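Colleague: First the structure, which I've put down as structure tokens, then a few questions once you've had a look.
Bear in mind that the values in this text are calculations on the coordinates, not laboratory data. Quick caveat: nothing in here was measured; it's all calculated off a predicted structure. Ideal geometry is used to build each Cβ from the backbone, glycine not excepted, and the neighbour counts take in all protein chains shown.
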Amino acid sequence: MSNIKPSLAKGTRDFSPQEMTKRNHIFDTIKKVFKKYGYAEIQTPSMENLSTLTGKYGDEGDKLIFKILNSGDFLSKVNPDLLAVKNSNAVTSQLSEKALRYDLTVPFARYVVMHQNDIALPFKRFQVQPVWRADRPQKGRYREFYQCDVDVVGSESLLNEAEFVLIYQEALSNLGLKDFSIKINNRKILSGIAEIIGKPELIIDMTVAIDKLDKIGFDGVSKELLERGFTQEDIDRLKPVILLEGTNDTKLTTLKQVLSASQIGLNGIEEIELVFNYVQTLLGKDGEQPKLELDITLARGLNYYTGCIFEVKTNEVAMGSIGGGGRYDDLTGMFGLKGLTGAGISFGADRIYDVLEELNLFPESTAAGTKVLISNFDPAAENYALPLLYQLRASGISAELYPSAAKLKKQMGYADAKNIPFVLLIGSEEMQSALLTLKNMHSGEQEKLSIEAVIARLREV
RNA sequence: GUGGUUUUAGCUCAGUUGGUUAGAGCGCCUGAUUGUGGUUCAGGAGGUCGUGGGUUCGAGCCCCAUAUUCCACCCCA
């Protein structure tokens, strides 16, 4: 066995016990909200057939899919002519049949199509699993990270969108976040804008450019729009829309005027208004008001959104979006099941972790480890302790016996390092009297108790 | 895919113009204390300086390549 220096694959991380406690706190909090809104959990395999994933995320996305090399003599299946000209793209499909999942939405679409006869529509599912992207790692960006998705298929109602707003609000504030914005936009409004300036075919270029407004400013956006085929005249017409300010109501009023000639644009405005109304009615007067902002520059990369688009950003820490989603008509069309609409949102658990860590928002006592350690003096004491260990555990007390007769100093040190609050000392004296020494590691106090009294005492705390 | 940056003890990091034996803090181990941790004191172990080449009498330091960290762009959670 050669001695290889251990290292992690780029962009991946280990999660130690303390980190897992915190991560599970996030997952549990989010899942609890999902369940409360009537969503049921599913899981799909880590790997999908490559053909299931390719072509769903655009050219950029396809490059970021982790492909799995075929097993066995994989080169024998490859067309030698393609190999000779070193055309990587052309040989990929012959070298790789499987790939790691890139997101949870496309596998879900596949799932819906394959199980269409078993599921009742509308189908509400949530899914919390890792996804993999062959991106360059940087702040808040990993190659393996968890998404927490909720999606509903088969329901056109905008009530779903409104509930997503409430889910974001509830889950994130349960996690301790105080100042975050839920941004909402509608693809139809963007289409309407592109239609008004007479360049509907450039909608993607338009949205990609104006999406960067808060990053590069209006001048930067103008420059990019010019590069992407818009004229100065177009930009002048776009300017009031891009720089739209004020409350949601003012923005909507302005947009209605600007888009009065675009049926699709007005349609999008109407959808946004319906969502706002649903949210207000759902919350009533007592509900915690979400910071819901209509943001016309919100585009999001994925090409398949067709209606409302969501993105969540925290205002307390510099971090990319911690969640996003939207509606996609014809979610399952790519797998041959037409006319099924879907809508969903996602939480970026790893980014949320980084945010909570930076803001120190993880609860203090999330660690629920061993409550009592039984010391181990010698084989006789160990033998005496074993039934007691069973008794403690049978009473629901998390307990462990130090597995060897090491020096007591070492055993106490172990309890200390592991933050175990009590140590039960059992030596010859204790065995004779059947009164055990229970030491409180925090106060340092010790008392002699029967096993029954020990159990009663430990149950109290 | 593009540009920059990082890598030295288990961890966080010093390391002068290229010059003898590479340091500190924390952690770890041993003892003071054979049945008592977290505090204190005394002592100790631990480094192919990311890896592979090169320049030089001599490289942790200079050059090339490569991996890796972090950051920005593209894109995205």
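Colleague: Which whole-Hz ³J(HN,Hα) couplings does segment A:139-152 yield from phi under the Karplus relation 6.51 cos²θ - 1.76 cosθ + 1.60, θ = phi - 60°, glycine and proline marked x?
Modeller: Values per residue, Gly and Pro as x: 4, x, 10, 10, 8, 10, 8, 9, 10, 10, 9, 10, 9, 10 Hz.
Colleague: With 10 angstrom as the radius, rank A:ASP330, A:ASP211 by how many other C-beta atoms surround their C-beta, starting from the fewest.
Modeller: Exposure proxy ranking, most exposed first: A:ASP330, A:ASP211.
Colleague: Over the Cα atoms of segment A:139-214, what radius of gyration and what Dmax do you get, in Å?
Modeller: Taking only Cα atoms of segment A:139-214, I get Rg and Dmax of 16.5, 46 Å.
Colleague: Segment A:188-214 to segment A:114-179: how many Å between their Cα centroids?
Modeller: Going from one Cα centre to the other spans 26 Å.
Colleague: List the aspartates and glutamates whose Cα lies under 16 Å from the Cα of A:LYS67, skipping any in the same chain that are fewer than 8 positions away.
Modeller: Straight-line reach from A:LYS67, under 16 Å: A:GLU48, A:ASP59, A:GLU97, A:ASP103, A:ASP135, A:GLU144.
Colleague: Could you give the radius of gyration (one decimal) and Dmax (whole number) of the Cα atoms in segment A:178-230, in Å?
Modeller: Taking only Cα atoms of segment A:178-230, I get Rg and Dmax of 12.5, 42 Å.
Colleague: Ratio of chain A's C-alpha Rg to 2.2 N^0.38 Å, to two decimals?
Modeller: This ratio for chain A stands at 1.27.
Colleague: For segment A:317-414, what proportion of DSSP beta bridges, expressed in % and rounded to the nearest 5, is antiparallel?
Modeller: That works out to approximately 65 percent antiparallel.
Colleague: I need the fraction of alpha carbon pairs in segment A:77-167 separated by more than 17 Å, rounded to a whole percent.
Modeller: Looking at segment A:77-167, the distances longer than 17 Å represent 67 percent of pairs.
Colleague: Between A:ASP329 and A:ASN315, with labels modelled 7 Å along Cα→Cβ, what's the label distance in nm to one decimal, could you check?
Modeller: 3.4
Colleague: I've got another one for you. Tell me, A:LYS439, A:LYS22 in order of fewest to most beta-carbon neighbours within 10 Å?
Modeller: A:LYS22, A:LYS439
Colleague: If you take the beta carbon distance between A:HIS442 and A:MET20 as r and set R0 to 22 Å, what does 1/(1 + (r/R0)^6) give as a FRET efficiency, to the nearest 0.05?
Modeller: Plugging the Cβ-Cβ distance into 1/(1 + (r/R0)^6) gives 0.35.
Colleague: Another question about this same structure. Round to the nearest 10 and give me the degree value, 0 to 90, for the angle of helix A:105-114's Cα axis relative to the longest principal axis of chain A.
Modeller: 90
Colleague: Also, quick follow-up: Restricting attention to segment A:417-461, which GluC sites (Glu not before Pro) occupy a DSSP loop and are surrounded by at most 10 other Cβ atoms within 10 Å?
Modeller: A:GLU445
Colleague: Something else: For segment A:368-461, take the convex hull of the Cα atoms, compute a quarter of its surface area, and give me that in nm², please.
Modeller: Mean projected area for segment A:368-461: 5.4 nm², to one decimal.
Colleague: Between A:GLU364 and A:LYS5, how high is the FRET efficiency from 1/(1 + (r/R0)^6) when r is the Cβ-Cβ distance and R₀ = 30 Å? Nearest 0.05.
Modeller: 0.20
Colleague: Of A:ALA171, A:GLY348, A:LEU202, which is farthest along the charge dipole of chain A in the positive direction, counting Lys and Arg as +1 and Asp and Glu as -1 at C-beta?
Modeller: Sorting the options by dipole projection puts first A:GLY348.
Colleague: Something else about it: To the nearest 500 deg cm²/dmol, what mean residue ellipticity at 222 nm is calculated for chain A from DSSP H runs of n ≥ 4 alone, each contributing -39,500 (n - 2.57), summed and divided by the residues?
Modeller: Roughly -13000 deg cm²/dmol at 222 nm, from the helical runs in chain A.
Colleague: What fraction of the Cα pairs in segment A:305-461, stated in percent, has a spacing above 24 angstrom?
Modeller: The share of Cα pairs beyond 24 Å in segment A:305-461 comes to 55 percent.
Colleague: Can you pull out the trypsin sites (Lys or Arg not before Pro) in segment A:92-183 that DSSP calls coil and that have at most 15 other Cβ atoms within 10 Å?
Modeller: A:LYS139, A:LYS178
Colleague: Which value in nm describes the separation of the simple spin-label points at A:ALA453 and A:ASP59, placed 7 Å from the Cα toward the beta carbon?
Modeller: 7.9
Colleague: Shifting gears a bit: If you average the sequence gap of Cα pairs under 8 Å that are 6 or more apart and divide by the length of chain A, what percent do you get for the contact order?
Modeller: Relative CO of chain A lands at 15 percent.
Colleague: Ok, one more. Let's test the formula: R0 of 25 Å, r as the Cβ-Cβ distance of A:ASN89 and A:ASP135. What FRET efficiency results, to the nearest 0.05?
Modeller: That pair, A:ASN89 with A:ASP135, gives E of 0.85.
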